[in-house]
Amino acid sequence: MDPQQRSIALEFDQYRESYADTVDRALRFSGLRADFFTRVKARSLIDLARRRLGDPAQLRALDFGCGVGAYHGLLGPAFGSLTGVDVSGECVAQARALHPAVSYETYEGAALPFEDSAFDLAFAITVFHHIPPAQWVESLRELR
């Protein structure tokens, strides 16, 4: 793992148990809690998948930068399979504990630990602003 990715992973390891509270504090100005935005994004993703790819229950989905799996209680039952991947081992451990029906992997921030075409759909929710801009194109290529 390169030093920048290592720094990001270590930073997010600290949020294993406080992620939801941290996001709620950041959104306090809106008068809404994170779960409102989580539901809206999950519903939008499921609807988009249905319109573009067909029945979500038949799709293999990858959540790139899954963190603690905040969306997985809503997305897991909708997709045929859901896999989360993240550079933070602590966040992945928390996600596994919360969502045992979802598959999780950690990775080093470069090549994903999956075969090409292993998924029908890959998505990233509030992730790319944590990736150094110089790595965006390569990250998108890897997802594609």
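Can you list residue pairs whose Cβ atoms sit under 6 Å apart, with the first residue in the range 61-82 being among the charged types (D, E, K, R) and the second being modelled with pLDDT of 95 or more and open to solvent by less than 10 Å² (accessible area, probe 1.4 Å)? Count only pairs 6 or more apart in sequence or on different chains.
If the second residue must be modelled with pLDDT of 95 or more and open to solvent by less than 10 Å² (accessible area, probe 1.4 Å), the pairs left are 63/84.
Return the residues of the range 92-112 that are of a type outside the set (A, V, I, L, M) and in a loop (DSSP other than H, G, I, E, B); say none if nothing qualifies.
Listed by number, the residues that qualify are 99, 100, 107, 108, 109.
Show the residue pairs meeting these rules: Cβ distance below 9 Å; 6+ apart or different chains; first residue within the range 94-120 and under 13 Å from residue 82 (Cβ atoms) and touching a residue at least 60 places away in the same chain (Cβ under 8 Å); second residue open to solvent by 60 Å² or more (accessible area, probe 1.4 Å) and part of a helix (DSSP H, G or I).
That search, which allows pairs on different chains as well, returns 120/53; 120/58.
Quick check on my filter: what residues within the range 46-91 are in a helix (DSSP H, G or I), open to solvent by less than 10 Å² (accessible area, probe 1.4 Å) and modelled with pLDDT of 95 or more?
Across the range 46-91, the qualifying residues are 49, 56, 72, 75.
Got a number for residues in the range 120-130 being under 13 Å from the mean Cα position of the chain (by Cα) and not in a helix (DSSP H, G or I)?
Residues meeting the conditions: 7.
Which residue is least open to solvent (accessible area, probe 1.4 Å), if the candidates are limited to the range 92-144 and must be at positive phi and modelled with pLDDT under 90?
109
Can you tell me which condition residue 117 does not meet? The list is (1) more than 12 Å from the chain's Cα centre (by Cα); (2) under 15 Å from residue 42 (Cα atoms); (3) of a type in the set (Ser, Thr, Tyr), and all the others hold.
For residue 117, the exception is condition (2).
The values are calculated or read from the model by the stated rules, or taken from the named source; none is laboratory data. What you see is a predicted model, and the numbers here were worked out from it, not measured in a lab. Virtual Cβ from ideal backbone geometry, glycine too; neighbours counted across all protein chains shown. With ligands, DNA and RNA removed, areas are computed over all heavy atoms of the protein, side chains included. Shrake-Rupley method; radii C 1.70, N 1.55, O 1.52, S 1.80 Å.
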